[in-house]
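Below is one structure; the comments refer to it alone.
What follows is calculated from the coordinates using simple rules that are stated; it is not laboratory data. Worth saying up front: this structure is predicted, and the values here are computed from it rather than measured. Every residue, glycine among them, receives a Cβ derived from its backbone with ideal geometry; neighbour counts consider all protein chains shown.
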Amino acid sequence: MIRTMKGALAASAAFYAAHGAALAKPAVDLSSSEQAAMQACSSGKPFVVVDSFKITKTIYGDQGTPDSASMDFNGDLHVQGREFIGLDGTHGDLVAGITGANGRHVIPFQTVDIMPDDLAHAFTSLADALESGEIEKPGAVIASLVLPTAVEHMASLMPYKGPGQEVTLDTLAQRKDKIIRFLFKKAEDRNDPYRAYYQAYIRIYEAFKRIDALGIPVFLAAGNEGPAPLFNMMVVFPGAHAVGALDRAGRKTAYTNDSSLVQLWRKGSFTLRQVEGGIDLNGDDRPEFTDDQLSKGPAVAERYNGKPVSEAAGPVPTMVKRMAPMMRTRGVAAFKNVLPEGVYPTDDLMDLYGLGGTGSADFMKELGPWMHHPSLLVFKETPEGFLAFDPEGNGDPAQRISWDATSYAAPNICGD
């Protein structure tokens, strides 16, 4: 998909430029989210990206020490001593990079963390800056941030008033007002142990209401916990639109937190490629991240591509498997100094990281049967028994790492 994305993005941009006004009142029955995306993409205005950044420079939001690197952009992550080596940037850097690769001018807005109180502060500050004119009215706000909420838990707390009033994945869109009223009630309950969280939710709601009053849509990641019955609480707020992730074949991903709130779907899969001068996101052979911004280690793909599976891959040691249930935390970092770097069965690593049986695990297994720890590169096995890192299926040797999530679908609203 990345190799052909250049043409798709160019066609998309040209289409919106030529037909944007007409699309504001579509002849077909498009969802309000699709209409909002079309209008934003045809506006020609910058997009504000709310997130945490390291590489991306920002003068808005929380101005402190740049966020520490947490993501690998050129596929060279490894462990040295007790530390990860090869981390380049942050989640926000990649989100901003995708937004920019789609032809949008990006206004980064920094948030220090993603807890409810932090997000309440960030969105309130953003609303202040937009209302005052400190930030010129953008075409959209992109926030690939999620406050995951269990539908069953929410339903259990809200009073049941008979058939047709249930809160389920299918009725969330129709129950937005009911959920918001519930949040206000809980925020006022002095006896509720989680009152501070509900108060933060209300502050986010109020900020979204102010941004919506300015005619600015907010596009949010739907979340990646599917098929678990969860939703992003911020999507019920005014002017918010959830974006679900499509895979490389254009299919809805099982890991998306799907519900009646999700009416907008975009590709959430990006393979980062090494080109002259840095790393390319959209297949135009021009770097979004330059070499001087990135680590300099040997690429995992180059180290393992073409190696015989029988020699380069193997099972997760039994002792490590036995340790996993006893570990207080899971994920890649938890096994940084426990599991030796290497290529293991994708299924076993996803189980080890605490993701067994999830939509994310199914998605990764579809990419290939072998996964590198700790970089998360997934390798196919050729008919001849060799490892091949080829998420795009085109044999491109420039492929370095692949990132897939609803986080990357949200900034791709003007893409495919």
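With the helix formula -39500 (n - 2.57) applied to DSSP H stretches of n ≥ 4, the chain reaches a computed 222 nm mean residue ellipticity of -9500 deg cm²/dmol. Pull out a ≥ b ≥ c, the square roots of the eigenvalues of the alpha-carbon gyration tensor of region 188-315, then state rounded if a/c is under 1.5, prolate if not and a/b is larger than b/c, and oblate in the remaining case. In terms of gyration-tensor shape, prolate. For the peptides 147-154, 236-243, 361-368, the ranking by mean Cβ contacts within 10 Å, running from highest to lowest, is 236-243, 361-368, 147-154. Over the chain, the alpha carbon radius of gyration divided by the compact-protein estimate 2.2 N^0.38 Å works out to 1.00.
Of the chymotrypsin sites (Phe, Trp or Tyr not before Pro) in region 68-172, the ones in a loop by DSSP (not H, G, I, E or B) with at most 12 other beta carbons within 10 Å are Y160. Here the calculated FRET efficiency for F184 and A155, from their Cβ-Cβ distance with R0 = 30 Å, stands at 0.95, rounded to the nearest 0.05.
Once the Cβ-Cβ distance of T124 and E311 is raised to the sixth power relative to R0 = 60 Å, the FRET efficiency obtained is 0.60.
In plain terms, the chain from I59 to A173 could stretch by 37.5 nm, reckoned as 0.36 nm per residue minus the Cα-Cα distance.
Once both axes come from the Cα atoms, what is the angle between helix 2-23 and the longest principal axis of the chain, in degrees from 0 to 90, rounded to 10? Computed tilt is about 10 degrees.
Largest GNM mean-square fluctuation among A222, A213, A254, using the chain with Cα springs under 10 Å: A213. Structure shown: which of K137/K176; K137/K185; K176/K267; K54/K137; K57/K365 lie over 28 Å apart, alpha-carbon to alpha-carbon? Correct reply: K137/K185; K57/K365.
Against the chain, whose longest principal axis comes from its Cα atoms, helix 195-213 is set at around 80 degrees. Shape class of region 233-298 from the Cα gyration tensor (axes a ≥ b ≥ c, square roots of the eigenvalues): prolate, since a/c reaches 1.5 or more and a/b is larger than b/c. Taking 0.36 nm per residue of sequence separation and removing the Cα-Cα distance, the E366/D284 pair yields an extension gain of 26.9 nm.
Of the residues Q399, F335, A301, the one whose Cα sits farthest towards the positive end of the charge dipole of the chain is F335 (charges of +1 on Lys and Arg Cβ, -1 on Asp and Glu Cβ, taken about the Cα centre).
To the nearest whole percent, what portion of all C-alpha pairs in region 306-388 is separated by more than 17 angstrom?
Across region 306-388, Cα pairs with separations above 17 Å total 43 percent.
Between S42, S32, S360, the GNM of the chain built on Cα springs shorter than 10 angstrom shows S32 fluctuating the most. Relative to the longest principal Cα axis of the chain, at what angle does helix 116-132 sit, 0 to 90 degrees, rounded to 10? Here the helix axis deviates by roughly 60 degrees. In this simple spin-label model, placing a label point 7 Å from the Cα along the Cα-to-Cβ direction at both D416 and E136 gives a separation of 3.2 nm. With just the Cα atoms defining each centre, how far is region 225-277 from region 374-416? Give it in Å. A separation of 17 Å, based on Cα centres.
Highest mean first, what order results for 403-414, 281-292 on Cβ atoms within 10 Å?
403-414, 281-292
Between S33, S260, S132, the GNM of the chain built on Cα springs shorter than 10 angstrom shows S132 fluctuating the most.
Taking the Cα centre of the chain as reference, the dipole from Cβ charges on Lys and Arg (+1) and Asp and Glu (-1) amounts to some 860 debye.
In loop segments of region 98-179 as defined by DSSP, the trypsin sites (Lys or Arg not before Pro) with at most 16 further C-beta atoms inside 10 Å of their C-beta are K161.
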